[in-house]
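The values are calculated or read from the model by the stated rules, or taken from the named source; none is laboratory data. Everything numeric here is computed off the predicted structure, so don't read it as measured data. With ideal geometry, Cβ positions are generated from the backbone for all residues, glycine too; neighbour counts draw on all protein chains shown. Accessible surface areas use protein heavy atoms only, side chains included; no ligands, DNA or RNA. Shrake-Rupley method; radii C 1.70, N 1.55, O 1.52, S 1.80 Å.
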Amino acid sequence: MKIAILGGTGNIGKGFALRWGQKHDVIVGSRDKDRAEAAAAEYTAFLKERSLPSSIRGDENKAATEAADVVVIAIRYDQVPETLSYIKPALCNNQVVLSVVVPMIKDRCYLNMATDSIKIEVDPEEYNADYFCYAVPQSGSAAKEIQAMLPNSVDLVASFHNVSAKRLEDFDQPFNLDIAVCGNNKQTKDVIMQLVCDIPGLNPVDVGPLEAAALTEPITPLLLNVAKMNKALRHAGVKFV
């Protein structure tokens, strides 16, 4: 398949490119074409050094979207509206869109965005880290907000909220993790579940419709906090048993 990774120059975007670029045609997407091409060259060199196959190139976001079968939204939450507005004309009804977006903030938690935040007191000397909270969108999840911004003919799947970006880049340590997958269309969800299987050691788990993203997205800040506060769990993940 042809996979466009919007945000492909970021941490988790890099991990996806390195993993999927061995089996699929990956297009690293960025607002800046030169930056995307430089990142693609870096990722290709990384795989070549390990004698691994690669098919990775870079392009700006709209061109990457136009060329793709699967479009991965791997950008910051606050960049979503502008990016989706820009690429929307390039989307078509035979594409699958994957959201890995998580709305997070540091040191302040909300029961919902209409309430006042609750200050989280963290001792930096004890934890040497910020505390991450899930900033609950009014619709319940980033995935539901993204779905509302997409053309009606384009299906959205939400996944990969419970894997460390750094672990995706680490080819020295094997995976043994489950990856939660949410979506309303079985065929498009199956496409993403196969992409999960294309990364050795990752097992896709169907956790229900897109509404379930309200349960899976908060796992990201939870795992970040676990990793930062427990040195032995630096790359914490999830296994359903």
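Summary of values
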item: Flag if residue 207 is at negative phi, open to solvent by less than 20 Å² (accessible area, probe 1.4 Å) and in contact with a Ser or Thr (Cβ under 9 Å, 6 or more places away or on another chain); result: no
item: Filter result for residue 198 (touching a helix residue (DSSP H, G or I) at 6+ places or on another chain (Cβ under 7 Å), among the charged types (D, E, K, R), open to solvent by 50 Å² or more (accessible area, probe 1.4 Å) and under 28 Å from residue 90 (Cβ atoms)); result: no
item: Residue satisfying all of: in the stretch 48-62; touching a residue at least 12 places away in the same chain (Cβ under 8 Å) and not in a strand (DSSP E or B); nearest to residue 1 (Cα to Cα) among these; result: 55
item: Residue in the stretch 20-38 that is of a type in the set (A, V, I, L, M), assigned to a loop (DSSP other than H, G, I, E, B) and under 17 Å from the mean Cα position of the chain (by Cα) present; result: no
item: Residue that is farthest from residue 76 (Cα to Cα), among those in the stretch 30-62 that are in contact with a helix residue (DSSP H, G or I) (Cβ under 6 Å, 6 or more places away or on another chain) and acidic (Asp, Glu); result: 59
item: Odd one out for residue 3 among (1) part of a loop (DSSP other than H, G, I, E, B); (2) touching a His at 6+ places or on another chain (Cβ under 8 Å); result: (1)
item: Top-ranked residue of the stretch 132-148 - restricted to ones that are touching a Phe, Trp or Tyr at 6+ places or on another chain (Cβ under 8 Å) and part of a loop (DSSP other than H, G, I, E, B), ranked as least open to solvent (accessible area, probe 1.4 Å); result: 135
item: Criterion: outside any loop (DSSP other than H, G, I, E, B), farther than 28 Å from residue 134 by Cα and modelled with pLDDT of 95 or more - qualifying residue of 45, 17; result: 45
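Yes/no matrix, rows are residues, columns are (1) in contact (Cβ under 8 Å) with a residue 12 or more places away in the chain; (2) farther than 16 Å from residue 100 by Cβ; (3) in contact with a strand residue (DSSP E or B) (Cβ under 7 Å, 6 or more places away or on another chain):
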| residue | (1), (2), (3) |
| --- | --- |
| 169 | yes, no, no |
| 174 | yes, yes, no |
| 182 | yes, no, yes |
| 209 | yes, yes, yes |
| 212 | yes, no, yes |
| 217 | yes, no, yes |
| 228 | yes, yes, no |
| 235 | yes, yes, no |
| 240 | yes, yes, yes |
